[in-house]
Amino acid sequence: MKRDIDTLLTERRLAAAVIIKGEHPNPTFRYAVGPAAQHLGTGYLVLRPGSKPHLLHGGMERDAAAQTPFERSEYGDWGYAKIREKEGSPVGASARLLQTLLQHLGVSGDVLFSGVLDVGQSYHTLERLREYLPGIRIAADTDPGLFHLARLTKDDEEVAAARAVGDICTRAYARIEEIIRGGRLEGKRLKDAEGWVTIGRLRRETRRIFFEAGLEEPHGNIVAMGRDAGVPHNVGNDADVLEEGKPIVIDLFPVEAGGGYYHDVTRTICVGRAPEELRELHSLVREAVDKAVESLHVGASGRTYQELVCDLFEARGHRTIRQDERIEEGYVHGLGHGIGLEVHERPNLSGSAANQDRIEPGSVFTVEPGLYYPSRGLGVRIEDVVHVKQDGTIETLTHVPYELEIAPA
């Protein structure tokens, strides 16, 4: 959790960690600074064990910076305009500004740098900084990284944010169901008073609900039918008209506007009666979700649950990624991932032997088994977000019904 950052800095014998904020959204900066981060442009946050963090920010954002509990300074306080003129390049100016700031704060020794920036420019800036400030050493991060380790467990406020986003996802799914139930079949295709009901219309309705509720979809969404449902990351064709009996995989992963917390939920539905094969696949995937969640316990390896689901699917005659990482049909991906300020965080629930992630109190992650047969126009995925409470009990933060068949009027 956030309160662990100071301890982690000390344990790793770091003199400081510097989070560099560029123009792009930076989840780590948002994590350390809090909600005020969305109103800050470029800047630097310097974290030192046992000391108050120092935030360097632009002068036009002084009111947003004043909402933080940090020591603060502005670019102008360090004569940045003159530094830029003298250095003649953004790389040199950034390095000189960092040198001035770190020297003022008395930082020397191993320093960890974090940020979402251009790789080449960042490399050359840090190389130049080492020339300007020989007393620091640029530290290599570990796996998991310091900030990823802190973010691996969530406090009550973070969990509440993820839960609230999930509640809005529930409304979006309810709207999709409402549209389908309000239509009628003409042959195999769905139509209502507005015309043919398409994948694009379902997608637009979810986006409208998210926009009105203050959510964004920086990574888009998945509303995929038929063969597209059988390829996990196919987003779906907006022109497709909904057809009776075809699986529709709907994967929504919105975030609070301004770079807050995500939720990630998937359901598989179909219009009208589902064919027997689709019902069987859906029932088995639902069984996999239930078995995985019921088995969760603190201290267990995340990969344990991937193995459990592979055991189940293989016993029922389906090939899995454990047998062949190149497979395109069957169970073709990992079981889940952490979720928070990024849609994919730690812990990972994958089957790789390299995965050492464990289930801890405060963990928030997805459980999302699926079975995919694009050659037969079939795909099923069910995904919930779960939270491991401090007492070790498990709660599901997703409350969307699992119903497969939705009958039109």
* Per-region count, segment 325-335, residues in contact with a Gly (Cβ under 8 Å, 6 or more places away or on another chain) and either within 13 Å of Leu149 (Cα to Cα) or not in a loop (DSSP other than H, G, I, E, B) (or both) -> 1
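Checking the structure you have, find out if any residue of segment 280-295 is farther than 25 Å from Asn234 by Cβ and touching a strand residue (DSSP E or B) at 6+ places or on another chain (Cβ under 9 Å). Don't jump to the end; show me each part of the working.
Restricting attention to segment 280-295, the residues satisfying the condition of being farther than 25 Å from Asn234 by Cβ are 290-291, 293-295.
Checking which are touching a strand residue (DSSP E or B) at 6+ places or on another chain (Cβ under 9 Å) leaves us with 293-294.
Looking through segment 280-295, at least one residue is farther than 25 Å from Asn234 by Cβ and touching a strand residue (DSSP E or B) at 6+ places or on another chain (Cβ under 9 Å).
To keep it simple, each residue is scored yes or no on (1) free of Cβ contacts under 8 Å to residues at least 40 places away in the same chain; (2) under 27 Å from Asp391 (Cβ atoms).
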| site | (1), (2) |
| --- | --- |
| Ala140 | yes, no |
| Asp143 | yes, no |
| Arg151 | no, yes |
| Asp156 | yes, yes |
| Glu177 | no, no |
| Arg181 | no, no |
| Arg189 | no, no |
| Arg207 | yes, no |
| Phe211 | yes, no |
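Residues checked against (1) surrounded by 17 or more Cβ atoms within 10 Å (Cβ to Cβ); (2) part of a strand (DSSP E or B); (3) modelled with pLDDT of 95 or more:
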site: Cys310; (1), (2), (3): yes, no, yes
site: Glu314; (1), (2), (3): no, no, yes
site: Gly317; (1), (2), (3): no, no, yes
site: Gln323; (1), (2), (3): no, no, yes
site: Glu342; (1), (2), (3): yes, no, yes
site: Asn348; (1), (2), (3): yes, yes, yes
site: Ser352; (1), (2), (3): no, no, no
site: Thr366; (1), (2), (3): yes, yes, yes
* Selection within segment 108-152 - touching a Leu at 6+ places or on another chain (Cβ under 8 Å), of a type in the set (Asp, Glu) and under 26 Å from Ile339 (Cα atoms) -> Asp141
* Structure fact -> Residue pairs within 9 Å by beta carbon, gap of at least six or interchain, first lying in segment 281-297 and at pLDDT below 95, second buried (at least 17 other Cβ atoms within 10 Å of the Cβ), listed first then second, are none
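The values are calculated or read from the model by the stated rules, or taken from the named source; none is laboratory data. Since this is a predicted model, take the numbers as computed values, not measurements. With ideal geometry, Cβ positions are generated from the backbone for all residues, glycine too; neighbour counts draw on all protein chains shown.
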